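Here's the structure, in structure tokens; my notes come after.
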Amino acid sequence: MPVITFEAGAMSDDVKAELLTRLTDVAVEVTGIPKHLYFVSIHELPDTHIAVGGVSVADIKRDLKSRQT
């Protein structure tokens, strides 16, 4: 059973539903493995648990917001 795991920050239910469908559809198209065999999961991570270049996403968002005001 193929497994697809998608990790990201918080997303709306609509976005998650579209990801589940489209990730599965693309994998089926590329591999030819039947859709019913795929297991797809989405793991949402808080911004304080994700970092880019050693800086948390929460801090990056805070910095960007302060530059806009």
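Worth pointing out:
- Amide H contacts under 5 Å for Gly9, placed H, 5+ residues apart: Leu45
- Under 5 Å, built H, 5+ apart or other chain: amide partners of Ile4: Phe39, Val40, Ser41
- Sequence-ordered 3J(HN,Hα) estimates for the stretch 12-20 from the Karplus curve with 6.51, -1.76 and 1.60 and θ = phi - 60° stand at 6, 4, 5, 5, 4, 4, 5, 4, 4 Hz, glycine and proline given as x.
- Against the main long axis of the alpha-carbon atoms of the chain, helix 57-68 sits at an angle near 50°.
- Note that the stretch 40-56 has calculated 3J(HN,Hα) couplings of 10, 10, 10, 10, 8, 10, x, 4, 6, 9, 10, 9, 10, x, x, 10, 5 Hz, one per residue in order, obtained from phi through the Karplus relation 6.51 cos²θ - 1.76 cosθ + 1.60 (θ = phi - 60°); glycine and proline are x.
Read the figures in this text as sums done on the coordinates, not as results from a lab. All values reported here derive from a predicted model rather than from experimental measurement.
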